[in-house]
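Inspection log for the structure reproduced underneath, given as structure tokens.
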Amino acid sequence: MNTVILDKSYALQADAADPLRTFRQEFFFPTREEKPYLYFCGNSLGLQPKNTVKFVIQELEDWQKMGVEGHFHGKNPWFYYHHFLHPAYTSLLGAREKEIVMMNTLTVNLHLMMATFYRPTAQRYKILIEGQAFPSDQYALDSQALLRGFDPAQAIVEIFPRTGEYILRTEDIIAQIDDLGPSLALVMMGGVNYYTGQFFNLPEITRAAHRCGAIAGFDLAHAAGNIPLKLHEWQVDFAVWCTYKYLNSGPGGVGGCFIHQYHGDNTHLPRMAGWWGHDEKERFKMERHFNAQSGAQGWQISNAQILPMAAHWAAMEGFNRAGMPALRNKSVKLTAYLEDCIHKINKTLRRTEIEIITPADPESRGCQLSIRAIHHGRSLHKYLTEQLVIADWREPDVIRVAPVPLYNSFEDVYQLASLILDYFQQETQH
Ligand SMILES: *Cc1c(COP(=O)(O)O)cnc(C)c1O
């Protein structure tokens, strides 16, 4: 019956017609007793591409054979290694190459950006963030306020959805920004909220922030590689992201920063400096005074983390071959199919067992759906895990499911939906 209710034939046809269908074979799927999992956790840790090993071994071998000479004479000289990573981001984020730098990790980069872009005064010191933001971002903002001598309870303003709603309305965000006016120093929000999966209206938020003289920065952990962005055109001031979620670069993978050219060209902007941010041509002269390189790379501190960067480069090679427009095109359909299956499950059961808290408008979400199984959250998640599904549980009652267009299929979604329907039908019989 499930095959009819959930339209399995649609899933099979969609897979057959999917121009990206072969990319799935380029990834390792985790297994239990040799059976592959249905993997829906690419929003948390993307799968390992099969070419990662090759890229990492290349650098290990150059290190074996050349030692320090690898900096300039390796196949991919380490001195310039980060440069190899930046071109991929021009289309992914809608940025100029000089606006991108890969370095460190996400929360570290957020602190570095705030060192430059959050310089509060007695009048202008507030930071606006969405309520229920990722904890690391909340801790970073609180600690930055404290470091500058402000009480986080005064300085950090969180905006929550209206009572009874899960999703922030853009008009409410804009009204809040206008309201804070001259006291607002910085808007720092997620691009996509990790919990609800809501994609915020970055251009409108940026415009509103600028209108009242504030900076607009975004944490793109859940947006980079999920939704096409136009950071340069939108005049976003800065952004940070990680590469181990949708960008498949491995646990603890290298992080990224975008700094708009408008700021990047200003080599006198104060920053946390280190030798890798020094003008590249003069870096090894080891001179006394810091002379920032122009562009985002002037915010580098330490020499590049070659091994995580090798894993990142490997992942971006596959990602670019697929291309963000094609990925997004598939992603919209894949998530719509999951959404449709959930509506059909509720309809079949003649009651709403599952509520979707992610926006229904594809323009306001990426691939992730956050679902609430109203009375059965924990036990449904447990059942799915027993049935070889990897999806993510968030307290108090949300299951986050991310069908990733690069390696998930429509049939994966069908299988998942079919297991959910099985679960409720078994429940009903007891
Ligand atoms: C995943 C994620 C993080 C994780 O931070 P790390 O510094 O990479 O450990 C931080 N913020 C958001 C919004 C995230 O989604």
Query raised in the report: Over all distinct Cα pairs, what is the inverse of the mean 1/r for region 257-309, reported as the Kirkwood hydrodynamic radius in Å?
Result: 11.4 Å
Query raised in the report: With each pseudo-label sitting 7 Å past Cα toward Cβ, what's the ARG207-VAL53 distance in nm, one decimal?
Result: 5.1 nm
**Report entry** Residues whose placed amide H lies under 5 Å from that of ASN291, excluding near-sequence neighbours
**Finding:** ASP279
Query raised in the report: Label ARG288 and ASN346 with points 7 Å out from Cα along Cα→Cβ: what is the distance between them in nm?
Result: 7.0 nm
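Grab the Cα-Cα distance for ARG32 and VAL4, subtract it from 0.36 nm times how many residues apart they are, and report the gain in nm with one decimal. Write down the numbers at each step before the final one.
On the way: separation 28, 0.36 × 28 = 10.08 nm, distance 2.90 nm.
Here the answer is 7.2 nm.
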Query raised in the report: LEU220's amide H: which non-local residues (gap 5+, or another chain) put their own amide H closer than 5 Å, with H modeled 1.01 Å from N in plane and none for Pro or chain starts?
Result: GLY191, VAL240, TRP241
Query raised in the report: When every alpha-carbon pair in region 90-146 is counted, what percent end up more than 15 Å apart?
Result: 60 percent
**Report entry** Positive-end residue, region 54-321 charge dipole about Cα centroid, Cβ charges, pick of TYR89, THR107, PRO152
**Finding:** TYR89
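Averaged per residue, what accessible surface does region 228-320 expose to a 1.4 Å probe, in Å²?
41 Å²
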Query raised in the report: How far is the Cα center of region 113-150 from the Cα center of region 410-430, in Å?
Result: 44 Å
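Give me the dipole magnitude in Debye, nearest 20, for the chain about the Cα centre, with unit charges on the beta carbon: positive for Lys and Arg, negative for Asp and Glu. Mind dumping the intermediate values first?
On the way: 40 positive and 46 negative charges, 68 e Å.
Dipole of the chain, to the nearest 20 debye: 320 debye.
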Report task. May I ask what percent, to the nearest 5, of DSSP beta bridges between residues of the chain are antiparallel? Result -> 55 percent
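Region 288-389: Rg/Rh from Cα coordinates, Kirkwood Rh? Let's see the in-between values first.
Details: Rg = 21.6 Å, Rh = 18.1 Å.
Over the Cα atoms of region 288-389, Rg/Rh equals 1.20.
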Query raised in the report: Leaving out ligands, DNA and RNA but keeping every protein chain, what accessible area does TRP234 have, in Å² rounded to the nearest 10, with a 1.4 Å probe?
Result: 50 Å²
Requested in this report: List, in order, the whole-Hz ³J(HN,Hα) value for each residue of region 260-265 obtained from phi through the Karplus relation with A = 6.51, B = -1.76, C = 1.60 and θ = phi - 60°; use x for Gly and Pro.
Outcome: 4, 3, 3, 8, x, 5
Requested in this report: Give me the percent of the accessible area of the chain that comes from carbon and sulfur atoms, probe 1.4 Å, all protein chains in place.
Outcome: 54 percent
Query raised in the report: What is the Cα centroid distance between region 216-280 and region 13-88, reported in whole angstrom?
Result: 21 Å
Query raised in the report: How do the peptides 74-87, 192-205 rank, highest first, by the average count of neighbouring beta carbon atoms within 10 Å per residue?
Result: 192-205, 74-87
Report summary line: Residues meeting the amide H criterion for CYS367 (H placed from the backbone, H to H distance under 5 Å, 5 or more places apart or on another chain) are none
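What number comes out for accessible area per residue over region 39-176 if the probe is 1.4 Å? Units Å², please. Don't jump to the answer; show the numbers that get you there.
Working: 6480 Å² over 138 residues.
Result: 47 Å² per residue.
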Query raised in the report: Which value results for Rg/Rh of region 187-260 when Rg is the Cα radius of gyration and Rh the Kirkwood radius based on the inverse mean 1/r?
Result: 0.98
Query - Overall dimensions of region 42-143 as given by Cα atoms, namely Rg and Dmax in Å - result: 18.8, 58
Report summary line: Summing -39500 (n - 2.57) over every DSSP H run of at least 4 in the chain, dividing by its residue total and rounding to the nearest 500, the 222 nm mean residue ellipticity is -11500 deg cm²/dmol
**Report entry** Whole-number D in µm²/s for region 54-321 (Stokes-Einstein; Kirkwood sum over Cα pairs; 4 °C, 1.567 mPa s)
**Finding:** 67 µm²/s
Report summary line: Of region 330-362, those with amide N under 11 Å from the point 7 Å along the Cα→Cβ vector of HIS375 are 351-353
Requested in this report: State the Kirkwood hydrodynamic radius of region 43-88 in Å, one decimal place, computed from all pairs of distinct Cα atoms.
Outcome: 11.9 Å
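The values are calculated or read from the model by the stated rules, or taken from the named source; none is laboratory data. Everything numeric here is computed off the predicted structure, so don't read it as measured data. We place every Cβ from the backbone using ideal geometry, glycine too, and count neighbours over all the protein chains shown. Note: areas computed on protein heavy atoms with side chains; ligands, DNA, RNA excluded. Shrake-Rupley method; radii C 1.70, N 1.55, O 1.52, S 1.80 Å.
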